[in-house]
Amino acid sequence: MHADVSALFPGRWSPRGFSDRPVDQDVLDSLFEAARWAPSCFNEQPARFLVASSEADLALFRPLLVDGNRAWADRAPVIAFVLAARQFRKKGTPNRWAGFDTGAAWMSLALQASIRGLATHAMGGIHTDQVYETLRIDPEQWEVLCGLVIGWPDPDAPLPQWARDAEAPNARRPLSEVVTYGPIP
Ligand SMILES: Cc1cc2nc3c(=O)[nH]c(=O)nc-3n(C[C@H](O)[C@H](O)[C@H](O)COP(=O)(O)O)c2cc1C
């Protein structure tokens, strides 16, 4: 039994079958615009996206994914890395909410993508040290959190069998496991 929710939420899922069709710049802009409107602690907006959509940049970004992700993500027209600023800009003190806020920005992006008929797929499976090095990211300033694929879903995309078998929306824990009213019993 599910509580009532907009179809937007269960309608978004993370496929591995992507078309190689490019994503127009204005469509891509609308996704990052959605991310930009995410709330953040002190309105710090710690999220930063490093994006590859040209063939030259994609060639640079693809080897930064682990092989299991490259097996399906290499075909996608957009790969990005999601970074969070480690410090508050004004005071220079550590921002312990940066990961939380950057997660909110990614989810806004993912939902906006879904609204536009695009799909997204987050990837923890990245060569993090190489991401810092190759993309010239200052590790004192930024935390690399995740990789992302953005593109048009394609159920007919060539996929390894393990990925083909997993190509379906995932289930969720029941609400009773996610929410507790009052203290932990
Ligand atoms: C932070 C994060 C890291 C993930 N890493 C990977 C990954 O490396 N490879 C992969 O195929 N999927 C990865 N996923 C996708 C999740 O497995 C997926 O979001 C989850 O199973 C829920 O499914 P859904 O997004 O289709 O609803 C990741 C998702 C998130 C949010």
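Throughout, read-outs are computed from the coordinates displayed, never taken from laboratory work. Worth saying up front: this structure is predicted, and the values here are computed from it rather than measured. When we count neighbours, we look across all protein chains shown, and the Cβ atoms used for this are built from the backbone with ideal geometry, even at glycine.
Considering region 40-65 alone, what residues qualify as being loosely packed, with under 15 Cβ neighbours inside 10 Å and in contact (Cβ under 8 Å) with a residue 12 or more places away in the chain?
Listed by number, the residues that qualify are C41, F42, L60, P63.
Given the structure, is L111 aliphatic (A, V, I, L, M), in contact with an Asp or Glu (Cβ under 8 Å, 6 or more places away or on another chain) and either surrounded by 14 or more Cβ atoms within 10 Å (Cβ to Cβ) or free of Cβ contacts under 8 Å to residues at least 60 places away in the same chain (or both)? Let's see the steps before the verdict.
Details: aliphatic (A, V, I, L, M): yes; in contact with an Asp or Glu (Cβ under 8 Å, 6 or more places away or on another chain): no; either surrounded by 14 or more Cβ atoms within 10 Å (Cβ to Cβ) or free of Cβ contacts under 8 Å to residues at least 60 places away in the same chain (or both): yes.
So L111 does not fit the description; no.
Please go through (1) among the polar types (S, T, N, Q); (2) over 18 Å from the mean Cα position of the chain (by Cα); (3) within 14 Å of the ligand (Cβ to nearest atom) for S14 and return the number of the only condition it doesn't satisfy.
It is condition (2) that S14 fails.
Where the second residue is not in a strand (DSSP E or B) and the first is exposed (fewer than 11 other Cβ atoms within 10 Å of the Cβ) and lies in region 77-93, which pairs have Cβ atoms under 9 Å and are six or more apart or on separate chains?
K90/F42; K90/E44
Out of all the residues in region 114-132, which are more than 14 Å from the ligand (Cβ to nearest atom) and without any contact (Cβ under 8 Å) to a residue 60 or more places away in the chain? Talk me through it step by step, then tell me what you get.
Applying the first criterion (more than 14 Å from the ligand (Cβ to nearest atom)) to region 114-132 yields 115-117, 129-130, 132.
If the condition is that a residue be more than 14 Å from the ligand (Cβ to nearest atom) and without any contact (Cβ under 8 Å) to a residue 60 or more places away in the chain, then G117, D129, Y132 are the ones that fit.
Being farther than 15 Å from S14 by Cβ and either touching a Phe, Trp or Tyr at 6+ places or on another chain (Cβ under 7 Å) or within 16 Å of the ligand (Cβ to nearest atom) (or both): is that true of A84 here?
Answer is yes for this residue.
Cβ-Cβ under 7 Å, sequence separation 6+ or interchain: first residue in region 147-167 and under 10 Å from A76 (Cα atoms) and more than 11 Å from the ligand (Cβ to nearest atom), partner of a type outside the set (S, T, N, Q) and in a helix (DSSP H, G or I). Which pairs?
Matching pairs, first to second residue: I150/L31; I150/A113.
Report those helices (runs of 4 or more DSSP H) wholly inside region 58-152 carrying at least 3 residues which are within 16 Å of the chain's Cα centre (by Cα) and aromatic (F, W, Y).
Hits in region 58-152: none.
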